[in-house]
Amino acid sequence: MPDATRTNAADAPDPQLVPGRLPLPLDWSEIFGRRAPLAVEIGSGGGRFIIGEAERKPDWNFVGIEPSGEYFYVMKERVAKRSLANLKLVRTDAVDLIASVFPDACVDHYHLYFPDPWPKKRHRKRRVIRPEFVAHVRRTLKPDGALYYATDHFDALEDALPVLREGLRVEEQSGPWPDAPEGRTNFEIKYIRQGRPIYRFVCRP
Ligand SMILES: C[S@@+](CC[C@H](N)C(=O)[O-])C[C@H]1O[C@@H](n2cnc3c(N)ncnc32)[C@H](O)[C@@H]1O
């Protein structure tokens, strides 16, 4: 059966969006050339989760944000091989990008898995989960949208939960994600295999 999200590799648009060259005000339906629900992953690493989702859900649009070049170009190469027209990638800091260009109520799902914990208080500003991030997640989520969050780091979680609760209704997900009991991302798969405890949450506006 033809798959509308796949194009021939030669015809595939470049999956990479460059923050300074985005047409503003940003309109995701213009970027993807169609209206569809939008899911955004913050810190996609090598792209296992977001690429799998783009393949499994051709009726959705996806954006993977990853600042590290080491990870980003691995993910970009994987996307290019699959010629997925419903997935765009941005190499940048997700908090800055969301705060500066995302319009209000444009995102259905955010995914934030195993963000770097930055446990020292003096590195607090480097954490993804900080007050301005939560305020912009709330602003940019659709009313029935959600942020999915998982971590193995209990101390980071203890700091993150009150910050999340300032702007979102936070519910703990008991047990593994039903769609991926083996784990959604590389870090989650690795940590499940190691038997580490993992804390998962669904946060709604
Ligand atoms: C521990 S890795 C987890 C990768 C992946 N989410 C997983 O679960 O396998 C954390 C990732 O978040 C990325 N990251 C760190 N700060 C970020 C930020 N401000 N915006 C977006 N991604 C960020 C890192 O480069 C890294 O790829």
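None of the figures in this text is laboratory data; all of them are computed from the coordinates on show. Given the structure is predicted, the values throughout are model-derived calculations rather than measurements. Glycine gets a Cβ as well: all are built from the backbone with ideal geometry, and neighbour counts include every protein chain shown.
Table for the structure above
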{"quantity": "Helix 69-82 axis, angle to the chain major axis (alpha carbon atoms, nearest 10°)", "calculated": "40"}
{"quantity": "Mean separation of Cα contacts under 8 Å (6+ apart) over length of the chain, as relative contact order %", "calculated": "20"}
{"quantity": "Proximal lysine pairs, the chain, alpha carbons under 21 Å, eight or more residues apart or interchain", "calculated": "6"}
{"quantity": "Helix axis angle, 131-140 relative to the chain longest principal axis, alpha carbon, degrees", "calculated": "40"}
{"quantity": "Ordering of 75-88, 176-189, 112-125 by burial proxy (mean other Cβ atoms within 10 Å per residue, highest first)", "calculated": "75-88, 176-189, 112-125"}
{"quantity": "Folded to 0 to 90 degrees: helix 154-167 orientation relative to the chain principal axis, Cα", "calculated": "70"}
{"quantity": "Cα-derived Rg to Rh of the chain, Kirkwood definition", "calculated": "0.95"}
{"quantity": "Size of charge dipole - the chain - debye, nearest 20, with Cβ of Lys, Arg +1 and Asp, Glu -1, no other charges", "calculated": "400"}
{"quantity": "Neighbourhood charge, 14 Å Cβ-Cβ cut-off, centred on residue 69 and excluding it, Lys, Arg +1 and Asp, Glu -1", "calculated": "-2"}
{"quantity": "Alpha carbon Rg of segment 1-103, scaled by the compact-globule rule 2.2 N^0.38 Å", "calculated": "0.99"}
{"quantity": "Relative compactness, segment 130-205, computed as alpha-carbon Rg over 2.2 N^0.38 Å", "calculated": "1.14"}
{"quantity": "Cα centroid of segment 67-107 to Cα centroid of segment 164-205, whole Å", "calculated": "21"}
{"quantity": "Net charge, residue 113 excluded, C-beta distance under 11 Å - Lys, Arg +1, Asp, Glu -1", "calculated": "0"}
{"quantity": "Amide N proximity, segment 120-143 versus residue 158 label position 7 Å along Cα-to-Cβ, cut-off under 13 Å", "calculated": "120-121"}
